[in-house]
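These notes are about the structure you will find just below.
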Amino acid sequence: MSEKLLIGVEEAEKIIASFPVTPQNETAALLTAQNRFLAQDIASPLAMPEFNKSAMDGYAYISGDDPPTFKIIETIAAGTPPRLAVTPGHCAKIMTGAMLPPGADRVVKRECTREEKGFMKIIAENRNRNIRFQGEDVQAGQTVLSKGTLLQAAQIALLASLGLAEVPVACAPRIGIITTGSELIEPGGSLQPGQIFNSNFYSLAAQIKALGAVPLALGHSADDLEATTTLITARLGECDMLILSGGVSAGDFDYVPAAMKKTGIALHFEKIAVQPGMPTVFGSRRDKIVFGLPGNPVSTFVIFEIFIKPMILRLLGHAFQPLVLPAQLTEGFRRSQATRTAFIPVRYQDGQAAIVSYHGSAHLHALSRANALLRVPAGQLSIPAGSSVHVRYL
């Protein structure tokens, strides 16, 4: 493949997806494991519920037994096993979550009874059995969570209920970020004529952190071939993936692709037929993954979402599938050229997608109001208002 060949979005996705990655795993305590991905399937070591238990405060008795009153043989609290078996004409007072006594197969809730002098009388119909039976939720040995599952509050609670204090999770990959551009200064400084603030580092770092990976600030280079080459050489070994922002276009001061080659990085493609973000570069050196992104902020954000996010999630052991939602386009879309696949910021709500006013790949304000991307295939010039479309949720 020619280095300068413009490839389609689908081909770029296939090239990236075909690059082999091996997630690294570790064991983490439950709360440390929150917002991380499981490294293997989890099978329940026990049945849930662990035993037959009462679902109500009430009285355990034998179905079909219908004496005028039941003699109460004991009171069973949650956490205390029953001492006696229930026989005809008898019952056990039982609390919610307590173990059902032998012989009993039904619980009448307290509100349907009257208790007096050690006896209980049923005074109202109670059709439910009010028992949670052993294993009705989960059987011992049953897979309850699959490899690649994101561990959030509900999953952490489930693991704790199974008695698991720690679980195997994927290690958080280290994603290095190098920004390039003589015009960039850090937020908090004062802009001089021709300068702009370095938003791309913060955009990328925030996107990386949101996935559970670790962003590393590996430095900034002016628009200089030797300086960029030296910085890549010095810092590439510190990360699992390196992202360079800026310096990938065809301008006189765009040195990133050349610097990548000088450091021994093989370039798998240099341009994608995508808008925004056409001059995106993907390369590797042995097991190191390297992306070069355009410096325009919206391009950086969109290219990360479409191409880099799935790769990072693979490093986390997760088979990512974007959330794609059906929507009705509230206004028409039209463009003058259709040689590239376009990703247009939209605001999705209640099945409606409204195009956000968008002035190009440096328009971060538009992006900040969007929560989804509308994909317009190459070759398509327009989409009428009211059309049924699909949007990729951010």
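Here, each number is a calculation from the coordinates, and none is a lab measurement. Keep in mind that this is a model prediction, so the values were computed, not measured. Every residue, glycine among them, receives a Cβ derived from its backbone with ideal geometry; neighbour counts consider all protein chains shown.
So what is the relative contact order for segment 53-132, in percent, with contacts set as C-alpha pairs under 8 Å and at least six apart?
Taking the mean separation of contacting Cα pairs over the length of segment 53-132, I get 39 percent.
Would you compute, from DSSP H runs of 4+ residues alone, the mean residue ellipticity of the chain at 222 nm, taking -39500 (n - 2.57) per run and dividing by the full residue count, rounded to the nearest 500?
For the chain, the value works out to -5000 deg cm²/dmol.
Could you pull out every residue, at least 5 positions away or on a different chain, whose amide H is within less than 5 Å of the one on Ile243? Hs are placed 1.01 Å off N in the peptide plane, and Pro or chain starts have none.
Under 5 Å from the amide H of Ile243 lie the amide H atoms of Gly176, Ile177, Ile178, Phe291, each far enough along the sequence or on another chain.
In this model, which of Lys209/Lys288; Lys147/Lys262; Lys147/Lys261 are farther than 30 Å apart at the alpha-carbon?
Result: Lys147/Lys262; Lys147/Lys261 exceed 30 Å.
Please name which of Ser63, Ala77, Ala92 has its Cα lying farthest along the dipole of segment 53-132 towards the positive end, using unit charges on Cβ (Lys, Arg +1; Asp, Glu -1) and the Cα centre as origin.
The residue sitting farthest along the positive end of the dipole is Ala77.
Rounded to whole Å, give me the distance from the Cα center of segment 199-247 to that of segment 263-312.
The two parts, judged by their Cα centres, are 12 Å apart.
What list of ³J(HN,Hα) values in whole Hz, one per residue of segment 14-26 in order, does the Karplus curve 6.51 cos²θ - 1.76 cosθ + 1.60 (θ = phi - 60°) give from phi, with Gly and Pro shown as x?
Listing the rounded values in order: 5, 4, 5, 5, 7, 6, x, 10, 10, x, 9, 10, 8 Hz.
Full-extension gain between Glu125 and Asp137, please, as 0.36 nm times their residue separation minus the C-alpha to C-alpha distance.
Difference between extended and current length: 1.6 nm.
Nearest 5 percent is fine: what portion of the DSSP beta bridges confined to the chain is antiparallel?
Just about 65 percent of them are antiparallel.
Using Cα-Cα distances under 8 Å and only pairs 6 or more residues apart, what relative contact order does segment 261-394 have, in percent?
Contact order relative to length: 25 percent.
State whether segment 324-393 is rounded, prolate or oblate according to the following rule on the C-alpha gyration tensor (a ≥ b ≥ c being the square roots of its eigenvalues): a/c under 1.5 gives rounded; otherwise a/b larger than b/c gives prolate, and the remaining case gives oblate.
Oblate shape, in that a/c is at least 1.5 and b/c is the bigger or equal ratio.
Where a Cα-Cα gap under 12 Å defines reach, which aspartates and glutamates qualify for Lys53, not counting those fewer than 8 residues away within the same chain?
Result set, ordered by chain and number: Asp105, Glu136.
Answer with one residue from Gly141, Asn52, Gln328: the one whose Cα lies farthest towards the positive end of the charge dipole of the chain, charges on Cβ with Lys, Arg +1 and Asp, Glu -1.
Positive-end residue among those listed: Asn52.
Using a Gaussian network for the chain with springs between C-alpha atoms less than 10 Å apart, which of these wobbles most: Leu231, Leu211, Leu381?
Highest fluctuation of the listed residues: Leu381.
Taking θ as phi - 60°, what are the ³J(HN,Hα) couplings along segment 210-219 by the Karplus curve (6.51, -1.76, 1.60), each to the nearest whole Hz, with x for Gly and Pro?
4, 8, x, 8, 10, x, 10, 7, 9, x
Only Lys, Arg, Asp and Glu count, each charged at its Cβ (+1, +1, -1, -1), so figure out the dipole size of the chain about its Cα centre, rounded to 20 debye.
580 debye
At 0.36 nm per residue, minus the direct Cα-Cα distance, what do Lys14 and Ile72 gain on full extension? Give it in nm, one decimal, please.
13.8 nm
Can you list the residues, at least 5 places off or on another chain, whose amide H is less than 5 Å from the amide H of Gln40, using H built in the peptide plane?
Here the answer is Gly148, since their amide H atoms fall under 5 Å of that of Gln40.
Taking H as built 1.01 Å from N, whose amide H comes closer than 5 Å to the amide H of Cys171, not counting residues under 5 places away?
For Cys171, the qualifying residues are Gln24, Asn25, Glu26.
Under a Cβ-only charge scheme (Lys and Arg +1, Asp and Glu -1), can you give me the dipole magnitude of segment 53-132 about the Cα centre, in debye to the nearest 20?
Computed about the Cα centre, the dipole is about 140 debye.
For the chain, set up a Gaussian network in which alpha carbons nearer than 10 Å are linked by springs, and say which option among Gly135, Gly283, Gly247 fluctuates the most.
Looking only at Gly135, Gly283, Gly247, the largest GNM fluctuation is found for Gly135.
Relative contact order for the chain using alpha-carbon pairs under 8 Å, separation at least 6, rounded to a whole percent?
16 percent
Need the full-extension length gain, Thr32 to Ala206, defined as separation in residues times 0.36 nm minus the C-alpha distance. One decimal, nm.
Difference between extended and current length: 60.7 nm.
Enter the angle in degrees (range 0 to 90, nearest 10) between the Cα long axis of helix 225-235 and the first principal axis of the Cα atoms of the chain, meaning the one along which they spread out most.
Here the helix axis deviates by roughly 30 degrees.
Please compute the modelled spin-label separation between Arg334 and Val21, points set 7 Å along Cα→Cβ, answer in nm with one decimal.
Rounded to a tenth, the inter-label distance reads 4.1 nm.
HN-Hα J couplings of segment 44-58 from phi, Karplus 6.51/-1.76/1.60, θ = phi - 60°, integer Hz, Gly and Pro as x?
5, x, 8, 7, 10, x, 6, 7, 5, 9, 6, 8, 9, 6, x
Would you mind computing, in nm to one decimal, how far apart the modelled labels at Leu150 and Ala319 are, each placed 7 Å from Cα along Cα→Cβ?
Computed distance between label sites Leu150 and Ala319 equals 1.8 nm.
Under 10 Å, Cα contacts only: if you run a Gaussian network model on the chain, which one of Ala98, Ala227, Ala29 comes out with the highest mean-square fluctuation?
Result for the chain, Cα springs under 10 Å: Ala98 fluctuates most.
Which of rounded, prolate or oblate describes segment 53-132 when judged by the alpha-carbon gyration tensor and an a/c cut-off of 1.5?
Since a/c stays below 1.5, the shape of segment 53-132 is classed as rounded.
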